[in-house]
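**Student:** First the structure, then my questions, so here it is.
The values are calculated or read from the model by the stated rules, or taken from the named source; none is laboratory data. Note that the structure is a prediction, hence the values are computed from the model and not measured. Note that we place each Cβ from the backbone using ideal geometry, even for glycine, and neighbour counts take in every protein chain shown.
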Amino acid sequence: MFNVERTKEVPASLSAKRSYKDEDVVKALESSFHKKCYLCETKEPQDINIEHFVAHQNNDDLKYEWKNLYFSCGRCNNIKLDHFNNLLDCCDPKDNVFRAIKLLPPRTPNTEIVVESQNDDDKTIQTAKLLNKIYNSDHTVNKAVTRSYLRKKIYTQYTLFQKWLIKYYAEDSLLAERENALERVKVLMSNESQYSAFIKWCILDDNNLSKELEAWID
């Protein structure tokens, strides 16, 4: 997961309680969340949902509350539904959602993703439980198929990271090549890139890189 700085301006559709799915709402959330699903980190998902962080249960105050709306893919929204209402909030600066849950990419396109709580509070545990279900559960045939697709996308991003890591550590790399490799890694670590939390946790596990890129990790 990644932390988000939500725009303070409330879209007109919400102020008028007209709709939480109108274009102005979608565009505002898309911009704030870097076009990424706030749960799985897939960028520009084909199926965009406006997700209610706390299930509204037909409560208009929750349904049209700007701070309760999140940019999500349809798959994650379908898994979360109203079952998880006590989660870490990526829009709350007090919640460092990246540090709270360790995420490591699959070693191959078909192996499990590591999801480990780093704290023992209920919000972290519940968030880790949801993420584990998103990344690893095959509780329906459809979810097993889409899980496989998601893992392959994460693995592809991981192999791109490995490409620049190999260049950085290669004995025959020139200084300029090593510096370029680091700059490329910084791009993959940024919130604008999909699956950035996975890349940052790989870096945290590398003593050398974690020191080199310390200022770019959080």
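**Student:** Run Leu131 past the list (1) more than 26 Å from Ala28 (Cα to Cα); (2) touching a residue at least 60 places away in the same chain (Cβ under 8 Å) and report the number of the one that doesn't hold.
**Tutor:** Failing condition for Leu131: (1).
**Student:** Answer yes or no: is there a residue in segment 155-170 that is within 22 Å of Phe84 (Cβ to Cβ), touching an Asp or Glu at 6+ places or on another chain (Cβ under 9 Å), at pLDDT 95 or above and not basic (Lys, Arg).
**Tutor:** no
**Student:** For segment 26-58, what are the residues that are assigned to a helix (DSSP H, G or I), farther than 22 Å from Met189 by Cα and either in contact (Cβ under 8 Å) with a residue 40 or more places away in the chain or not basic (Lys, Arg) (or both)?
**Tutor:** Residues satisfying the conditions are Val26, Ala28.
**Student:** Could you list all residues from segment 126-176 that are of a type in the set (Phe, Trp, Tyr) and under 22 Å from the mean Cα position of the chain (by Cα)?
**Tutor:** Tyr135, Tyr149, Tyr155, Tyr158, Phe161, Trp164
**Student:** Just to be sure I understand the filter: pairs with C-beta atoms under 7 Å, separated by 6 or more residues or on different chains, first member in segment 177-196 and of a type in the set (S, T, N, Q), second member surrounded by fewer than 17 Cβ atoms within 10 Å (Cβ to Cβ). Which pairs pass?
**Tutor:** What qualifies is Ser193/Val187; Ser196/Ser190.
**Student:** Working only within segment 1-25, note down all residues that are surrounded by fewer than 15 Cβ atoms within 10 Å (Cβ to Cβ), touching an Asp or Glu at 6+ places or on another chain (Cβ under 7 Å) and in a loop (DSSP other than H, G, I, E, B).
**Tutor:** Within segment 1-25, Lys17 is the sole residue that qualifies.
A quick yes/no check of all residues on (1) of a type in the set (S, T, N, Q); (2) surrounded by 15 or more Cβ atoms within 10 Å (Cβ to Cβ):
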residue: Thr124; (1), (2): yes, yes
residue: Ala128; (1), (2): no, yes
residue: Ser137; (1), (2): yes, no
residue: Leu150; (1), (2): no, yes
residue: Lys163; (1), (2): no, no
residue: Glu192; (1), (2): no, no
residue: Leu204; (1), (2): no, yes
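**Student:** Please enumerate the residues belonging to segment 131-152 that are more than 30 Å from Lys94 (Cα to Cα) and either in contact with a helix residue (DSSP H, G or I) (Cβ under 9 Å, 6 or more places away or on another chain) or part of a helix (DSSP H, G or I) (or both).
**Tutor:** Asp138, His139, Val141, Asn142, Lys143, Ala144, Val145, Thr146, Arg147, Ser148, Tyr149, Lys152
**Student:** Scanning segment 179-218 for residues that are under 22 Å from the mean Cα position of the chain (by Cα), polar (S, T, N, Q) and assigned to a helix (DSSP H, G or I), which turns out farthest from Cys37 (Cα to Cα)?
**Tutor:** Top of the filtered list is Ser210.
**Student:** Please pick out the residue among Asn3, Asn58, Asn96 that is over 16 Å from the mean Cα position of the chain (by Cα) and farther than 29 Å from Asp138 by Cβ.
**Tutor:** Step by step, each of Asn3, Asn58, Asn96 is checked, and only Asn58 is over 16 Å from the mean Cα position of the chain (by Cα) and farther than 29 Å from Asp138 by Cβ.
**Student:** Applying the selection to segment 59-103, what residues are of a type in the set (Phe, Trp, Tyr) and assigned to a helix (DSSP H, G or I)?
**Tutor:** Once the filter is applied, which keeps residues that are of a type in the set (Phe, Trp, Tyr) and assigned to a helix (DSSP H, G or I), segment 59-103 yields Trp66, Phe98.
**Student:** Next question. Pull up segment 65-84, narrow it to residues that are in contact (Cβ under 8 Å) with a residue 60 or more places away in the chain and touching a Ser or Thr at 6+ places or on another chain (Cβ under 8 Å), then point me to the one that is nearest to Glu23 (Cα to Cα).
**Tutor:** Arg75
**Student:** Next question, about the same structure. Output the residues belonging to segment 94-142 that are over 18 Å from Cys37 (Cα atoms) and among the β-branched types (Val, Ile, Thr).
**Tutor:** Thr108, Thr111, Val114, Thr124, Ile125, Thr140, Val141
**Student:** Moving on. Listed residues Ala176, Ala128; which is over 27 Å from Lys80 (Cβ atoms), at pLDDT 95 or above and either of a type in the set (Gly, Ala, Ser) or in a helix (DSSP H, G or I) (or both)?
**Tutor:** Result: Ala176 is the single residue among Ala176, Ala128 that is over 27 Å from Lys80 (Cβ atoms), at pLDDT 95 or above and either of a type in the set (Gly, Ala, Ser) or in a helix (DSSP H, G or I) (or both).
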